[in-house]
Amino acid sequence: MIKNPGLLEKRLDATEDEAEQKTVLALSALMFVSAFVAAGLCFRFDRFLLPWWASATGAAVFLLVYAMYAEVLRENTYLSRTVGVAEDQKVIDTGLYGVVRHPMYTATLILFPSMGIVLGSPISFFILLLYIPIIVKRIKNEEKVLTEGLEGYAEYKTRVRYKLIPFVW
């Protein structure tokens, strides 16, 4: 907030222009609401609860991966909640962006399911695994937009082969 208030402003703007991304946001919202409702019902009816140590481990994983998320925010001042290309945007290819093309999504791929563990609900964990196909859909559209609109991105894709998980995808 202090170092880069413009980044914070961009991260708070969730107005999507891409129709495909509107679908992604709607599916994500449904996933989150379902996961939190499921966790509340598990707790309310004392069913399908994980032991305290599982929640503590989930919290530790969440905090470690959140540090990675914060590093991604530090590395890339062009990050936005919406898919698009800023007027003065440049390809970031250092740090975590030299390993995978979408390190923020790599972090969220671990963060979101870990929330189900933190909440003590295996049902929420499985609901939050639905994030995987949702983020795949988002990345496919984002890659198209960046390739078409961001100078140097096509070349970057040849240098950094993996989108999300090194040596996998």
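The values are calculated or read from the model by the stated rules, or taken from the named source; none is laboratory data. Every value quoted in this text rests on a predicted model; they were computed, and no experiment measured them. Quick reminder, even Gly has a Cβ in these numbers, built from the backbone with ideal geometry, and neighbours come from all protein chains shown.
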TODO: Filter segment 91-105 down to the residues that are free of Cβ contacts under 8 Å to residues at least 60 places away in the same chain and farther than 17 Å from Lys144 by Cβ, then identify the one that is surrounded by the fewest Cβ atoms within 10 Å (Cβ to Cβ).
DONE: Thr94
Task: Of all residues making up segment 63-90, the number that are polar (S, T, N, Q) and without any contact (Cβ under 8 Å) to a residue 40 or more places away in the chain - done: 1
TODO: Could you pull out the residue among Val33, Val24, Val72, Val37 that is within 26 Å of Ile127 (Cβ to Cβ), under 20 Å from the mean Cα position of the chain (by Cα) and at pLDDT 95 or above?
DONE: Val33
Open item on the list: Restricting to segment 110-169, count the residues that are out of contact with any Lys or Arg (no Cβ under 6 Å at 6 or more places or on another chain), among the β-branched types (Val, Ile, Thr) and farther than 17 Å from Leu49 by Cβ.
Closed with: 10
TODO: With the condition kept exactly as written, say whether any residue in segment 86-109 is within 30 Å of Arg47 (Cβ to Cβ) and assigned to a helix (DSSP H, G or I).
DONE: yes
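Answer with yes or no whether Arg138 is in contact (Cβ under 8 Å) with a residue 40 or more places away in the chain and either part of a loop (DSSP other than H, G, I, E, B) or closer than 30 Å to Arg47 by Cα (or both).
In short, no.
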TODO: Select from segment 132-163 the residues that are surrounded by 17 or more Cβ atoms within 10 Å (Cβ to Cβ), within 26 Å of Gly58 (Cβ to Cβ) and either among the β-branched types (Val, Ile, Thr) or modelled with pLDDT under 95 (or both) and list them in ascending order.
DONE: Ile134, Ile135, Arg138, Ile139
